[in-house]
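No lab work stands behind these numbers, since they all come straight from the coordinates. This one's a predicted model, so the numbers in the text were calculated from it and none came from an experiment.
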């Protein structure tokens, strides 16, 4: 018979975010790194970045989509980090939920602002 106190038989307690958090942090970090390398390659290829090049890059839909994916990756990366810190250090539930709700509202506002900047007038 397997004992409940046996470490190999225990279920993780809590919200079970561990693997999903770990994976999302790694995937978003890769997206952020790739976008950064893209800008570095563009700068090296063109001998720098000036306003006409910047404007030309953002005239294309593909670069706007890449930029939007980068921003979404940054926002998800930030959310996972902030949520984990809040869960560790903000013990009163009402305070933690209020803080997390405020962070979600700010991150959604940033996403909306990004859409406006990339596809607005």
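Roughly how compact is the chain, stated as its Cα Rg over 2.2 N^0.38 Å to two decimals?
The value comes to 1.49.
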- In deg cm²/dmol, rounded to the nearest 500, the helical mean residue ellipticity at 222 nm of the chain, built from -39500 (n - 2.57) for every DSSP H run of length 4 or more, is -27500 deg cm²/dmol
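So what is the diffusion coefficient of the range 71-121 in µm² per second by Stokes-Einstein at 25 °C and 0.890 mPa s, using a Kirkwood Rh over Cα pairs?
Here the translational diffusion coefficient equals 208 µm²/s.
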- Message: If you fit an axis through the alpha-carbon atoms of helix 93-119 and take the longest principal axis of the Cα set of the chain, what angle between them do you get, 0 to 90°, nearest 10?
- Response: 20 degrees
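For the range 12-74, what ratio Rg/Rh do Cα atoms give with a Kirkwood hydrodynamic radius?
On the way: Rg = 16.2 Å, Rh = 13.6 Å.
The Rg/Rh ratio comes out at 1.19.
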- Degrees between helix 61-89 axis and first principal axis of the chain (Cα, 0 to 90, nearest 10): 30 degrees
